Amino acid sequence: MCAAITMPEANTDHLDEQQVQLLAEMCILIDENDNKIGEDTKKNCHLNENIDKGLLHRAFSVFLFNTENKLLLQQRSNAKITFPDCFTNTCCSHPLSHPLELEENAAMGVRRAAQRRLKAELGIPMEQVTPEEIAYLTRIHYKAKSDGIWGEHEIDYILFVQKDVTLSPDPNEIQSYCYVTQKELKQLLDKASKNEIKITPWFKLIAETFLFTWWDNLSNLNKCVDHEKIHRM
(Lines give C-alpha, C1' and ligand atoms only; values in the text may rest on other atoms or scores of the structure.)
Protein backbone atom coordinates (compact mmCIF):
# COMPACT_ATOMS: atom_id res chain seq x y z
CA MET A 1 0.00 0.00 0.00
CA CYS A 2 1.41 3.37 -1.00
CA ALA A 3 1.71 6.16 1.51
CA ALA A 4 -0.14 9.33 0.59
CA ILE A 5 2.16 11.98 -0.83
CA THR A 6 1.49 15.45 0.50
CA MET A 7 2.99 18.76 -0.42
CA PRO A 8 5.63 19.95 2.06
CA GLU A 9 4.13 22.38 4.55
CA ALA A 10 5.28 25.98 4.05
CA ASN A 11 6.39 26.48 7.63
CA THR A 12 8.21 29.81 7.96
CA ASP A 13 9.32 29.47 11.60
CA HIS A 14 12.93 28.69 10.62
CA LEU A 15 13.18 31.50 8.07
CA ASP A 16 14.65 34.97 8.46
CA GLU A 17 12.20 37.29 10.23
CA GLN A 18 12.75 40.27 7.92
CA GLN A 19 12.30 38.12 4.81
CA VAL A 20 9.16 36.49 6.26
CA GLN A 21 7.60 39.95 6.76
CA LEU A 22 8.09 40.62 3.05
CA LEU A 23 6.02 37.50 2.23
CA ALA A 24 2.89 39.49 3.14
CA GLU A 25 3.44 41.96 0.29
CA MET A 26 0.77 41.81 -2.42
CA CYS A 27 2.05 40.83 -5.85
CA ILE A 28 0.21 41.35 -9.16
CA LEU A 29 -1.37 38.19 -10.58
CA ILE A 30 -1.40 37.99 -14.38
CA ASP A 31 -2.37 35.65 -17.18
CA GLU A 32 0.15 34.35 -19.71
CA ASN A 33 -0.26 37.54 -21.77
CA ASP A 34 0.61 39.76 -18.81
CA ASN A 35 -2.97 40.95 -18.23
CA LYS A 36 -3.71 41.69 -14.57
CA ILE A 37 -6.21 39.19 -13.15
CA GLY A 38 -5.87 39.82 -9.41
CA GLU A 39 -3.45 39.97 -6.52
CA ASP A 40 -2.00 37.59 -3.95
CA THR A 41 0.68 37.52 -1.29
CA LYS A 42 4.32 37.11 -2.17
CA LYS A 43 4.18 33.92 -0.09
CA ASN A 44 1.37 32.35 -2.12
CA CYS A 45 2.99 33.43 -5.41
CA HIS A 46 6.20 31.60 -4.52
CA LEU A 47 4.81 28.28 -3.25
CA ASN A 48 5.42 25.47 -5.73
CA GLU A 49 2.00 23.97 -4.97
CA ASN A 50 0.38 27.17 -6.34
CA ILE A 51 2.87 27.56 -9.20
CA ASP A 52 2.04 24.00 -10.28
CA LYS A 53 -1.60 25.11 -10.60
CA GLY A 54 -0.55 27.96 -12.88
CA LEU A 55 -0.25 30.93 -10.51
CA LEU A 56 1.79 33.59 -12.34
CA HIS A 57 2.91 37.05 -11.21
CA ARG A 58 4.60 40.15 -12.62
CA ALA A 59 8.28 40.77 -11.84
CA PHE A 60 11.31 42.67 -13.06
CA SER A 61 15.07 42.25 -13.43
CA VAL A 62 17.34 45.31 -13.39
CA PHE A 63 20.71 45.33 -15.12
CA LEU A 64 22.66 48.38 -13.96
CA PHE A 65 25.88 49.32 -15.76
CA ASN A 66 28.38 51.98 -14.74
CA THR A 67 29.89 54.45 -17.20
CA GLU A 68 32.75 51.98 -17.81
CA ASN A 69 30.13 49.57 -19.24
CA LYS A 70 30.59 47.17 -16.31
CA LEU A 71 27.53 45.30 -15.01
CA LEU A 72 26.68 45.37 -11.30
CA LEU A 73 26.08 41.86 -9.94
CA GLN A 74 24.88 40.90 -6.51
CA GLN A 75 25.11 37.70 -4.49
CA ARG A 76 21.82 37.09 -2.70
CA SER A 77 22.07 36.76 1.07
CA ASN A 78 21.64 33.41 2.76
CA ALA A 79 18.54 34.89 4.45
CA LYS A 80 16.68 34.95 1.11
CA ILE A 81 13.84 32.43 0.94
CA THR A 82 14.28 31.68 -2.77
CA PHE A 83 17.70 31.07 -4.31
CA PRO A 84 19.84 32.09 -1.30
CA ASP A 85 23.60 32.59 -1.90
CA CYS A 86 23.10 32.77 -5.68
CA PHE A 87 24.82 35.33 -7.87
CA THR A 88 22.43 37.30 -10.04
CA ASN A 89 21.87 40.55 -11.90
CA THR A 90 21.71 43.91 -10.14
CA CYS A 91 18.22 43.67 -8.66
CA CYS A 92 15.25 41.31 -9.08
CA SER A 93 11.87 41.83 -7.45
CA HIS A 94 8.14 42.48 -8.01
CA PRO A 95 5.90 45.48 -8.53
CA LEU A 96 3.25 45.55 -5.81
CA SER A 97 -0.50 45.68 -6.23
CA HIS A 98 -1.03 49.34 -5.47
CA PRO A 99 -1.84 52.20 -7.87
CA LEU A 100 1.67 53.63 -8.35
CA GLU A 101 3.12 50.25 -9.32
CA LEU A 102 0.09 49.03 -11.28
CA GLU A 103 0.40 51.75 -13.93
CA GLU A 104 1.01 49.97 -17.21
CA ASN A 105 1.56 52.94 -19.52
CA ALA A 106 5.24 52.76 -20.60
CA ALA A 107 5.70 50.15 -17.82
CA MET A 108 5.81 53.07 -15.38
CA GLY A 109 4.55 50.99 -12.45
CA VAL A 110 7.30 48.40 -12.93
CA ARG A 111 9.93 51.12 -13.28
CA ARG A 112 8.77 52.78 -10.04
CA ALA A 113 9.01 49.39 -8.32
CA ALA A 114 12.55 48.99 -9.63
CA GLN A 115 13.54 52.38 -8.22
CA ARG A 116 12.06 51.36 -4.84
CA ARG A 117 13.92 48.04 -4.73
CA LEU A 118 17.25 49.52 -5.89
CA LYS A 119 17.00 51.70 -2.78
CA ALA A 120 15.86 48.85 -0.49
CA GLU A 121 18.44 46.27 -1.59
CA LEU A 122 21.43 48.30 -2.72
CA GLY A 123 20.87 51.58 -0.89
CA ILE A 124 20.92 53.56 -4.14
CA PRO A 125 19.35 56.96 -3.34
CA MET A 126 15.98 57.37 -5.11
CA GLU A 127 17.11 60.59 -6.80
CA GLN A 128 20.12 58.83 -8.38
CA VAL A 129 17.97 56.48 -10.48
CA THR A 130 14.58 57.86 -11.49
CA PRO A 131 11.93 55.76 -13.28
CA GLU A 132 12.51 57.85 -16.41
CA GLU A 133 16.17 56.76 -16.47
CA ILE A 134 15.25 53.07 -16.44
CA ALA A 135 14.90 51.57 -19.93
CA TYR A 136 12.28 48.84 -20.40
CA LEU A 137 13.51 46.41 -23.08
CA THR A 138 11.25 43.36 -23.18
CA ARG A 139 9.61 40.60 -21.08
CA ILE A 140 10.49 36.96 -20.41
CA HIS A 141 8.25 34.22 -18.99
CA TYR A 142 9.97 31.51 -16.97
CA LYS A 143 9.40 29.03 -14.16
CA ALA A 144 11.95 27.57 -11.73
CA LYS A 145 11.95 25.68 -8.41
CA SER A 146 14.23 26.87 -5.60
CA ASP A 147 13.59 23.82 -3.40
CA GLY A 148 10.72 21.46 -2.60
CA ILE A 149 8.52 24.26 -1.25
CA TRP A 150 9.48 27.55 -2.89
CA GLY A 151 9.89 28.63 -6.51
CA GLU A 152 9.34 31.30 -9.15
CA HIS A 153 6.82 31.67 -11.97
CA GLU A 154 7.02 35.13 -13.46
CA ILE A 155 6.68 37.38 -16.44
CA ASP A 156 9.85 39.35 -15.91
CA TYR A 157 10.33 42.89 -17.26
CA ILE A 158 13.92 43.44 -18.37
CA LEU A 159 15.14 46.88 -17.25
CA PHE A 160 18.46 48.53 -18.12
CA VAL A 161 20.14 51.49 -16.44
CA GLN A 162 23.53 53.02 -17.16
CA LYS A 163 24.72 55.34 -14.43
CA ASP A 164 27.38 55.67 -11.74
CA VAL A 165 25.58 55.25 -8.42
CA THR A 166 26.26 55.27 -4.67
CA LEU A 167 25.91 51.83 -3.06
CA SER A 168 25.04 50.94 0.53
CA PRO A 169 23.64 47.37 0.36
CA ASP A 170 21.34 45.84 2.96
CA PRO A 171 23.15 42.72 4.29
CA ASN A 172 19.78 41.02 4.82
CA GLU A 173 19.30 41.16 1.05
CA ILE A 174 22.84 41.02 -0.37
CA GLN A 175 26.00 39.33 0.92
CA SER A 176 28.34 40.65 -1.76
CA TYR A 177 28.41 42.65 -4.98
CA CYS A 178 30.81 43.46 -7.80
CA TYR A 179 31.05 45.18 -11.16
CA VAL A 180 32.09 42.85 -13.99
CA THR A 181 33.22 43.11 -17.61
CA GLN A 182 31.78 40.77 -20.24
CA LYS A 183 34.89 38.59 -19.94
CA GLU A 184 34.57 38.40 -16.15
CA LEU A 185 30.89 37.47 -16.39
CA LYS A 186 31.71 34.69 -18.85
CA GLN A 187 34.25 33.35 -16.34
CA LEU A 188 31.60 33.48 -13.60
CA LEU A 189 29.10 31.64 -15.80
CA ASP A 190 31.76 29.00 -16.49
CA LYS A 191 32.25 28.54 -12.75
CA ALA A 192 28.50 28.15 -12.34
CA SER A 193 28.43 25.48 -15.07
CA LYS A 194 30.98 23.53 -12.99
CA ASN A 195 28.89 24.02 -9.81
CA GLU A 196 31.70 26.04 -8.21
CA ILE A 197 29.22 28.86 -7.55
CA LYS A 198 25.42 29.21 -7.83
CA ILE A 199 23.53 31.61 -10.08
CA THR A 200 19.80 32.28 -10.24
CA PRO A 201 17.90 30.47 -13.01
CA TRP A 202 16.51 33.67 -14.56
CA PHE A 203 19.98 35.22 -14.73
CA LYS A 204 21.32 32.04 -16.36
CA LEU A 205 18.53 32.10 -18.96
CA ILE A 206 19.04 35.79 -19.78
CA ALA A 207 22.85 35.48 -19.89
CA GLU A 208 22.65 32.50 -22.25
CA THR A 209 20.26 34.23 -24.66
CA PHE A 210 20.05 38.03 -24.87
CA LEU A 211 22.35 39.66 -22.34
CA PHE A 212 25.59 40.00 -24.30
CA THR A 213 23.80 41.36 -27.38
CA TRP A 214 22.03 43.95 -25.24
CA TRP A 215 25.32 44.76 -23.50
CA ASP A 216 26.98 45.39 -26.87
CA ASN A 217 24.24 47.91 -27.65
CA LEU A 218 24.23 49.97 -24.45
CA SER A 219 24.66 53.15 -26.46
CA ASN A 220 21.76 52.24 -28.76
CA LEU A 221 19.28 50.24 -26.69
CA ASN A 222 16.31 51.30 -28.83
CA LYS A 223 17.24 48.58 -31.33
CA CYS A 224 16.85 45.99 -28.53
CA VAL A 225 13.36 47.09 -27.44
CA ASP A 226 10.51 44.63 -28.03
CA HIS A 227 7.40 45.39 -26.01
CA GLU A 228 5.11 43.18 -28.10
CA LYS A 229 6.68 39.78 -27.58
CA ILE A 230 6.87 37.85 -24.31
CA HIS A 231 9.82 35.48 -24.63
CA ARG A 232 8.82 32.03 -23.31
CA MET A 233 11.93 30.52 -21.75
If you go through N78, N69, N33, the only one that is touching a helix residue (DSSP H, G or I) at 6+ places or on another chain (Cβ under 8 Å), outside any helix (DSSP H, G or I) and surrounded by fewer than 18 Cβ atoms within 10 Å (Cβ to Cβ) is N69
Among the residues of region 87-107, write down those that are crowded, with 18+ Cβ neighbours inside 10 Å and either aliphatic (A, V, I, L, M) or in a loop (DSSP other than H, G, I, E, B) (or both). N89, T90, H94, P95, L96, S97, L102, A107
Does A24 satisfy the condition of being small (G, A, S) and surrounded by 15 or more Cβ atoms within 10 Å (Cβ to Cβ)? no
Residues (part of a strand (DSSP E or B) and crowded, with 18+ Cβ neighbours inside 10 Å) located in region 145-155: W150, G151, E152, H153, E154, I155
In this structure, is L56 under 16 Å from the mean Cα position of the chain (by Cα), at pLDDT 95 or above and closer than 18 Å to I174 by Cβ? no
I need the full set of residues from region 182-205 which are under 15 Å from T82 (Cβ atoms) and open to solvent by less than 80 Å² (accessible area, probe 1.4 Å), in order please. I199, T200, P201, W202, F203
Condition check for T166: of a type in the set (V, I, T), in contact with a helix residue (DSSP H, G or I) (Cβ under 8 Å, 6 or more places away or on another chain) and open to solvent by 40 Å² or more (accessible area, probe 1.4 Å): yes
Give the number of residues within region 109-133 that are over 14 Å from C92 (Cα atoms), surrounded by 18 or more Cβ atoms within 10 Å (Cβ to Cβ) and of a type in the set (A, V, I, L, M). 2
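The values are calculated or read from the model by the stated rules, or taken from the named source; none is laboratory data. What you are looking at is a predicted structure, and each value in this text was computed from that prediction instead of being measured. Every residue, glycine among them, receives a Cβ derived from its backbone with ideal geometry; neighbour counts consider all protein chains shown. Protein only, heavy atoms only, side chains kept; ligands, DNA and RNA dropped before computing areas. Shrake-Rupley method; radii C 1.70, N 1.55, O 1.52, S 1.80 Å.
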